[in-house]
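For reference, the structure is listed below as structure tokens.
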Amino acid sequence: MQKEAEIRDPLILGKKSYHDITKDIARPVEGKANKYWWILFSLSFGLFLWGVLSMAYTVGTGIGAWGLNKTVNWAWDITNFVWWIGIGHAGTLISAVLLLFRQKWRMSINRSAEAMTIFGVLQASLFPIIHMGRPWLAYYVFPIPNQFGSLWVNFNSPLLWDVFAISTYFSVSLVFWYIGLIPDFAMLRDRFSEKTAPMKKKLYSFLSFGWSGKAKHWQRFEEVSLVLAGLATPLVFSVHSIVSMDFATSVIPGWHTTIFPPYFVLGALFSGFAMVETLLIIMRKVVSLESYITIKHIEYMNIIILLTGSLVGTAYITELFMSWYSGVEFEQYAFINRATGPYWWAYMIMMSCNVLTPQLYWFKKIRTSFVATFILSIFVNIGMWFERFVIIVTSLHRDFLPSSWSMFSPSFIDIGIYLGTIGFFFTLFLLYARTFPVIAQAELKTIVKSSGSEYKNKK
Amino acid sequence: MSTNTLYGIFDDEEVLLSSVKEIRANNIEIKEVYSPFPIHGLDKALGLKETRMAITAFIYGCLGLTLGSLMIYYMMQIDWPQNIGGKPNWSFYHNLPAFVPVLFECVVLFAAHLMSITYLIRNGLYPGGKSDSPDERTTDDKFLMEIQVEGDATIIKEMLTKTGATEINEKEA
């Protein structure tokens with residue numbers, strides 16, 4: 001049996017037997033949805049519909065439906081793309097990196113964090129596809145034998161690296177998630193009887209692949225999880241590095257910086273953890289998982305937010321210093337314009353939400369409060385969206401010819417697509433919360449004896 | 001002589017583990033153990049061999065690297081070489097730095113997917129498959145030990161009770 005130091009706080013509160021854990025995690029699937037679920041679901045679904053209409057309008061009329069112009073030819077679409085990809089990163093960090101570090105607190109949050117990753121990456125991948133204008137030709141990005149002059153994709157291009165990185169990231173995350181889900185689906189399968197719930201029994205029998213929990217299977221399960229975690233860890237760092245190279249390998253002042261890959265990865269983890277907190281603080285209440293997602297879990301995540309937030313702040317300042325130190329006039333202007341030009345307000349939102357407000361987590365009172373954490377996590381989500389907006393739009397809107405300087409303002413359709421993806425994301429997450437085992441219960445049962453409050457007090 | 005199957009059911013994984021050790025020390029073969037979660041040390045106690053899943057991942061990763069390199073080499077050097085920003089299109093080796101991201105993704109893609117598929121095949125898991133577990137409670141909170149007995153089972157039953165089994169079921173073959 002594993003032993004754990006006495007001074008560590010328990011990760012599972014209350015007196016929980018193995019059977020209690022099974023019951024608690026099956027409850028949202030077995031029960032009926034409450035009022036709050038339906039309200040949230042209708043809201044998200046409404047937003048999603050607005051998004052679908054906006055996307056259909058974009059495809060029907062062309063990219064001219066957006067607020068883009070000749071100078072600012074990349075704006076909300078790529079901002080939203082990077083924002084969603086970034087949000088996905090925390091899921092893989094929690095499930096893979098924390099597994100390699102043997103952090104037990106990951107076990108009650110990893111399932112939902114990975115769900116968030118998959119749904120987030122799904123939203124992200126919508127943006128490049130609709131930005132193509134002719135989404136039915138999206139297969140052009142893949143290296144397939146073709147009839148259009150046997151031209152191949154360009155393996156020197158960061159945009160193609162993105163195609164490989166994002167599709168690998170999405171499919172590997174999905175596989176990792178599913179391998180962990182199989183034993184938990186089997187738990188649900190065995191709870192439903194053929195007589196009272198034949199449809200659910202069939203559904204979970206299908207999804208659980210006939211899992212029976214043999215000793216050899218568990219041995220392979222643990223090894224496969226470990227190797228997948230080892231593969232997913234460099235993968236997650238590579239994905240956002242590659243996303244940052246979309247900018248860093250270009251020659252636009254403000255984009256052409258070598259600090260981008262680490263700075264984007266940190267920013268991604270920072271925003272991802274904020275989104276995990278936003279989701280979990282709501283979820284633990286809605287599906288009553290207060291015993292498993294405790295303030296200790298939130299505090300650990302807040303510490304990571306504090307660390308990554310401070311590192312992101314350091315990166316902002318390094319960027320300013322390097323632009324001055326480079327001695328390049330255009331580079332210097334790009335950054336002066338960012339901070340003091342017409343988009344100063346966006347820069348201020350970015351700086352205050354990403355660098356200043358997370359510093360409040362130095363106070364124990366704040367980082368161990370659900371209300372404060374929820375509010376600050378929303379701040380981080382907003383701040384990180386503005387970070388991408390600042391990088392993209394302020395670097396473009398005043399280019400080398402002052403006669404072509406312009407501003408960007410989003411159209412109704414731009415806003416619709418963005419809010420639509422938020423609606424789609426929450427729609428998927430709410431459906432997930434009612435049909436999936438939202439906590440990796442098989443793994444959680446292995447730590448009850450070392451980290452459950454009941455067992456800790458016994459000693 | 002008839003062959004019967006005995007199912008010893010346990011409530012706790014530590015009791016099960018010590019029982020497994022004791023029963024195996026008495027030279028009785030345990031056919032299978034079903035548990036709701038992985039039990040640390042059970043594979044050693046049952047005398048299972050180490051799994052080779054990690055080795056397969058390494059092989060699949062090498063395969064991904066090879067196929068990825070061949071793909072890029074064929075498309076960028078053989079079939080349609082292009083001058084892209086003056087990058088060296090005459091030699092794979094000189095152009096390699098630009099290919100690293102895609103090659104890395106190929107390694108991860110192949111290793112992760114093919115290992116997972118191997119895992120499912122080796123475990124006999126497929127969509128809609130049937131569970132082999134003799135008792136539905138083994139995905140909840142019970143641990144089950146399966147032993148095949150020829151002839152008289154009373155000694156083994158006694159041993160199971162003594163080592164902590166809370167319930168013993170017997171199935172005639």
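The values are calculated or read from the model by the stated rules, or taken from the named source; none is laboratory data. Bear in mind that the values here come from a model prediction, so they are computed numbers and not experimental data. Cβ: placed from backbone, ideal geometry, glycine included. Neighbour counts: every protein chain shown. Ligands, DNA and RNA are stripped out before the accessible areas are found, and what is left, the full protein with its side chains, is counted by its heavy atoms. Shrake-Rupley method; radii C 1.70, N 1.55, O 1.52, S 1.80 Å.
For region B:121-173, run through the trypsin sites (Lys or Arg not before Pro) and keep only the ones in DSSP coil with at most 14 other Cβ atoms within 10 Å of their Cβ. Filter output for region B:121-173: B:Lys130.
Ellipsoid fit via the Cα gyration tensor, chain A: semi-axes of 40, 26, 21 Å, each the root of five times an eigenvalue, largest first. With R₀ fixed at 22 Å, the C-beta to C-beta distance from A:Ile129 to A:Thr258 puts the FRET efficiency at about 0.15. Summarising the label geometry, the points placed 7 Å from Cα in the beta-carbon direction at B:Ile28 and A:His19 lie 2.6 nm from one another. Among the GluC sites (Glu not before Pro) found in region A:138-229, those both in a DSSP coil and sparsely packed, with 16 or fewer other Cβ atoms within 10 Å of their Cβ, are A:Glu194. Between A:Lys70 and B:His94, the modelled labels are 3.8 nm apart [label points 7 Å from Cα along Cα→Cβ]. Taking Cα atoms only, the orientation of helix A:18-30 departs from the longest principal axis of chain A by about 50 degrees.
Per the Debye formula with a single identical scatterer at each Cα and no solvent contribution, what log10 I(q)/I(0) holds for region B:53-123 at q = 0.12, 0.23 Å⁻¹? Cα-only, vacuum Debye calculation for region B:53-123: -0.40, -0.91.
Can you give the local net charge around B:Leu46? Use residues other than it whose beta-carbon is closer than 12 angstrom to its beta-carbon, Lys and Arg +1, Asp and Glu -1. Don't jump to the answer; show the numbers that get you there.
On the way: positive: A:Lys214, A:Lys216, B:Lys21, B:Arg24, B:Lys31, B:Lys44, B:Lys49; negative: B:Glu29, B:Glu32, B:Asp43, B:Glu146.
Once all neighbours under 12 Å are counted, the net charge is +3.
With a 1.4 Å probe and all protein chains in place, put A:Asp246, B:Asp79 in order of accessible area, largest first.
B:Asp79, A:Asp246
Only helices enter the 222 nm calculation for chain A: every DSSP H run of n ≥ 4 contributes -39,500 (n - 2.57), and dividing by all residues gives -22000 deg cm²/dmol, rounded to 500. For A:Ser212, the residues whose amide H sits under 5 Å from its own are B:Asp132, ignoring neighbours fewer than 5 places away on the same chain, with H placed 1.01 Å from N. Dipole of the protein assembly as shown computed with +1 at Lys/Arg Cβ and -1 at Asp/Glu Cβ about the Cα centre; of A:His240, A:Leu151, B:Met75, farthest Cα towards the positive end is A:His240. Principal axis extents of the C-alpha atoms in region A:354-459 (largest first, rounded to whole Å): 75, 37, 23. Dividing the convex hull volume of the alpha-carbon atoms in region A:1-65 by its residue count gives 231 Å³ per residue. The A-B contact accounts for roughly 5600 square angstrom of buried accessible surface, both chains included, probe 1.4 angstrom. Averaging 1/r across all pairs of distinct Cα atoms in region A:198-350 and inverting the result yields a Kirkwood radius of 19.6 Å. Each label was represented as a point 7 Å from its Cα along the Cα-to-Cβ direction; for A:Thr314 and A:Thr340 these points are 2.8 nm apart. Given the pairs A:Lys195/B:Lys162; A:Lys365/A:Lys445; A:Lys449/B:Lys21; A:Lys216/A:Lys285; A:Lys449/B:Lys162, which are separated by over 32 angstrom at their Cα positions? A:Lys195/B:Lys162; A:Lys216/A:Lys285, as the Cα separations exceed 32 Å there.
Evaluated with a Cβ-only charge set (Lys, Arg +1; Asp, Glu -1), the protein assembly as shown carries a dipole of roughly 900 debye about its Cα centre, given to the nearest 20. Considering only B:Ser116, B:Ser91, B:Ser133, the Gaussian network model of chain B with Cα springs below 10 Å gives its largest mean-square fluctuation to B:Ser91. Across chain A, the relative contact order, built from alpha-carbon pairs under 8 Å that are at least six residues apart, equals 35 percent. On average, how much accessible surface per residue is there in the protein assembly as shown, in Å², for a 1.4 Å probe, leaving out ligands, DNA and RNA? That works out to 44 Å² per residue. Taken over the Cα atoms of region B:54-173, the convex hull encloses 201 Å³ per residue. The length gained by stretching the chain between A:Ala197 and A:Tyr36 to full extension, at 0.36 nm per residue less their Cα-Cα distance, is 55.5 nm. Listed values for region A:338-344 are Karplus-derived 3J(HN,Hα) couplings in whole Hz (6.51 cos²θ - 1.76 cosθ + 1.60, θ = phi - 60°), namely 4, 7, 10, x, x, 9, 4, and x replaces Gly and Pro. Between A:Ala5 and B:Lys162, the FRET efficiency from the beta-carbon distance, with R0 = 30 Å, is close to 0.30.
Report, to the nearest 10°, how far helix A:412-435 tilts away from the longest principal axis of the Cα atoms in chain A, using its own Cα long axis and a range of 0 to 90°. Approximately 10 degrees, to the nearest 10. By DSSP, the beta bridges lying fully in the protein assembly as shown are antiparallel in about 95 percent of cases.
Counting only protein heavy atoms and a probe of 1.4 Å, the accessible surface of the protein assembly as shown is 66% carbon and sulfur. Where in chain B lies the longest segment free of GluC sites (Glu not before Pro) that are both loop residues by DSSP (not H, G, I, E, B) and have at most 12 other Cβ atoms within 10 Å? Counting at most 12 other Cβ atoms within 10 Å as exposed, the longest clean stretch of chain B is B:51-173. Coupling constants for region B:31-40 follow from the phi torsions by the Karplus curve (6.51 cos²θ - 1.76 cosθ + 1.60, θ = phi - 60°), and in residue order they are 6, 7, 10, 10, 9, x, 8, x, 10, 5 Hz; glycine and proline get x. Couplings 3J(HN,Hα) for region A:393-403, derived from phi with the Karplus relation 6.51 cos²θ - 1.76 cosθ + 1.60 (θ = phi - 60°), are 6, 5, 6, 8, 6, 10, 8, 5, 9, x, 5 Hz, where x marks Gly and Pro. A full extension of the chain between B:Glu136 and B:Ile155 corresponds to an added length of 4.2 nm, given 0.36 nm per residue minus the alpha carbon distance.
For A:Cys353, the accessible surface of its heavy atoms amounts to roughly 10 Å² (probe 1.4 Å, protein chains only, rounded to the nearest 10).
Relative to the longest principal axis of the Cα atoms of chain B, the long axis of helix B:92-123 lies at roughly 20 degrees.
Between B:Ile117, B:Ile30, B:Ile84, the GNM of chain B built on Cα springs shorter than 10 angstrom shows B:Ile84 fluctuating the most.
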